[in-house]
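Chemist: Pasting in a structure now, in structure tokens, and then I'll have a few things to ask.
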Amino acid sequence: MPIDPGPYDFNSTRIIMSPSGDATAKAITPRFYEELGEFGTFAGHVLISRHDFDEPWPTWEVHPHGDEFVYLLSGDVDFVLRTAEGDKTIRVNEPGSYVMVPKGTWHTARPNAPTTMLFVTPGQDTQNKETPD
């Protein structure tokens with residue numbers, strides 16, 4: 001069955017792209033991330049989401065199966081990547097600019113102003129920790 005073309009609202013719905021390129025609109029619920037189990041291990045799937053934040057992320061995260069694309073819609077944020085050489089801070093403060101987080105790189109964000117970003121995330125085996133290893 002073809003996908004319903006919408007319109008959808010990113011405030012209440014996210015998009016999951018399957019390995020074959022099929023899109024599924026999924027409503028945000030309090031258990032949204034747990035419910036992604038309906039897509040099996042999420043192998044080959046990509047989550048497309050928008051997030052608004054005005055405080056530093058409470059955790060770091062890593063995506064072991066692919067690079068993450070993070071696009072600034074509005075705001076000003078320092079993206080911090082944990083590299084072998086130490087933490088690398090990338091300031092993203094021009095709408096339309098973006099960061100490519102390399103596969104397997106722990107990262108977090110520290111906004112300098114209220115910020116809205118679009119995320120394209122290979123979500124299989126994503127991990128979150130207070131402090132990365």
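The values are calculated or read from the model by the stated rules, or taken from the named source; none is laboratory data. Please read all numbers here as calculations on a predicted model, not as lab measurements. Note that each Cβ is placed from the backbone with ideal geometry, even for glycine, and that neighbours are counted across all protein chains shown.
Chemist: How many residues does the stretch 118-127 hold that are more than 18 Å from M17 (Cβ to Cβ) and surrounded by 15 or more Cβ atoms within 10 Å (Cβ to Cβ)? Explain how you work it out, then say what you get.
Modeler: Step one: list which residues in the stretch 118-127 are more than 18 Å from M17 (Cβ to Cβ), which gives 127.
Filter again for surrounded by 15 or more Cβ atoms within 10 Å (Cβ to Cβ), leaving none.
Qualifying residue count, the stretch 118-127: 0.
Chemist: Another question, if that's okay. How many residues does the stretch 79-94 contain that are exposed (fewer than 12 other Cβ atoms within 10 Å of the Cβ) and within 16 Å of P111 (Cβ to Cβ)?
Modeler: The qualifying residues number 2.
Chemist: Looking only at the stretch 6-19, count every residue that is in a strand (DSSP E or B) and farther than 9 Å from I48 by Cβ and tell me the total.
Modeler: Total meeting the criteria: 1.
Chemist: Inspect all residues belonging to the stretch 48-66 and state whether any of them is surrounded by 13 or more Cβ atoms within 10 Å (Cβ to Cβ) and basic (K, R).
Modeler: Looking for residues that are surrounded by 13 or more Cβ atoms within 10 Å (Cβ to Cβ) and basic (K, R), one finds at least one in the stretch 48-66, hence yes.
Chemist: Here is a list: V77, V101, V70. Which entry is touching a Pro at 6+ places or on another chain (Cβ under 7 Å) and among the hydrophobic types (A, V, I, L, M, F, W, C)?
Modeler: The unique qualifying residue is V77.
Chemist: Mind listing just one residue for me: the one in the stretch 122-133 that is in a strand (DSSP E or B) and under 13 Å from the mean Cα position of the chain (by Cα) and, of those, modelled with the highest pLDDT?
Modeler: P122
Chemist: When you scan the stretch 20-121 for strands (runs of 3 or more DSSP E) that lie fully inside it, which ones turn up with 1 or more residues that are under 14 Å from the mean Cα position of the chain (by Cα), over 24 Å from I3 (Cβ atoms) and aliphatic (A, V, I, L, M)? Steps first, answer last, please.
Modeler: On the way: elements: 23-27, 46-53, 60-62, 68-83, 86-92, 98-101.
Passing ranges, in order: 60-62, 68-83, 98-101.
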